[in-house]
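Novice: Pasting in a structure now, in structure tokens, and then I'll have a few things to ask.
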Amino acid sequence: MQAARGTAIDPETTAAAPAGRSRARVWALFATIAATAYAVDLVTKVLALDRLEGRPDVPVVGDLLTLTLVKNPGAAFSTGTQFTVALSCIAIAATVVVLVLSLRVRSRLWAVALGLLLAGVTGNLTDRLFRDPGPMRGHVIDFLMLPNWPVFNVADVCINVAAGLILVQAFRGVRLDGTRDRDHEPDDRSDDQPGDRPDVEPDDAATASGPTAGDQR
């Protein structure tokens with residue numbers, strides 16, 4: 001009714017609310033994925049310590065998947081075991097970077113990727129900070145074993161799935177805000193604007209305009 005009576009409506013204000021709700025939903029997806037995956041990683045590690053420590057391996061799917069407890073001082077898949085403190089510092093920095101990037105995310109797939117990445121990084125970082133032999137040097141709990149593959153955990157799975165999704169988005173050219181790389185490329189198409197036309201010499205202009213009034217006589 002007010003609009004009909006002449007009250008002005010700011011189009012930017014009406015567009016901002018849906019955009020704000022969309023950003024909030026995407027960030028909520030990121031936070032939900034991160035919290036859920038982190039909780040799964042934490043719970044499975046607690047169960048692994050309770051059910052597997054001091055006990056023989058437990059086959060789950062024949063020889064394809066076996067549960068076995070390994071306390072890993074290194075990175076994902078038992079790599080870099082001599083750099084535990086450095087890996088802890090890198091994980092802290094990575095956590096901060098992911099949280100900062102999450103404030104810019106507008107793409108759902110990017111939200112899933114960053115959520116999984118945050119869960120994986122913080123899951124293993126939690127072990128390094130709070131498990132023996134001490135802060136920044138704690139051993140990560142690994143318990144999933146495949147044939148001819150280092151023992152790993154849920155956090156490692158999250159990190160690798162996140163890396164795959166990030167590669168997919170990079171290959172598709174999709175940025176954090178949901179736009180594509182081609183949307184930011186300059187338009188090379190030449191518009192036929194008067195100012196863009198090449199200069200024409202006076203004689204050429206006369207010739208191009210056809211016979212003059214005197215010639216017509």
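Novice: Those residues that are farther than 16 Å from Ala163 by Cβ, open to solvent by 30 Å² or more (accessible area, probe 1.4 Å), out of contact with any Asp or Glu (no Cβ under 9 Å at 6 or more places or on another chain) and touching a residue at least 40 places away in the same chain (Cβ under 8 Å), I need them from the stretch 80-110; list them, please.
Specialist: Listed by number, the residues that qualify are Val85, Leu87, Cys89, Leu103, Arg108.
Novice: OK, next. Any residue at all in the stretch 121-133 that's touching a Ser or Thr at 6+ places or on another chain (Cβ under 8 Å) and exposed (fewer than 13 other Cβ atoms within 10 Å of the Cβ)?
Specialist: Looking through the stretch 121-133, none of the residues is touching a Ser or Thr at 6+ places or on another chain (Cβ under 8 Å) and exposed (fewer than 13 other Cβ atoms within 10 Å of the Cβ).
Novice: Shifting gears a bit: Going through the stretch 116-153 one residue at a time, which ones are within 26 Å of the chain's Cα centre (by Cα), part of a helix (DSSP H, G or I) and within 22 Å of Gly54 (Cβ to Cβ)?
Specialist: Asp127
Novice: Could you tell me how many of the residues in the stretch 48-65 are free of Cβ contacts under 8 Å to residues at least 60 places away in the same chain and assigned to a loop (DSSP other than H, G, I, E, B)?
Specialist: Number of matching residues: 5.
Novice: Sticking with this one: Can you name the condition, by its number, that Val140 falls short on among (1) open to solvent by 10 Å² or more (accessible area, probe 1.4 Å); (2) over 23 Å from Phe30 (Cβ atoms)?
Specialist: With (1) open to solvent by 10 Å² or more (accessible area, probe 1.4 Å); (2) over 23 Å from Phe30 (Cβ atoms) applied to Val140, the lone miss is (1).
Novice: For Thr81, only one of the following conditions fails: (1) assigned to a helix (DSSP H, G or I); (2) at pLDDT below 95. What is its number?
Specialist: Answer for Thr81: the failing condition is (1).
The values are calculated or read from the model by the stated rules, or taken from the named source; none is laboratory data. Remember, it's a predicted structure, so these values are computed and weren't measured experimentally. FYI the Cβ positions are ideal-geometry reconstructions off the backbone, even for glycines, and counts take in every protein chain you see. Note: areas computed on protein heavy atoms with side chains; ligands, DNA, RNA excluded. Shrake-Rupley method; radii C 1.70, N 1.55, O 1.52, S 1.80 Å.
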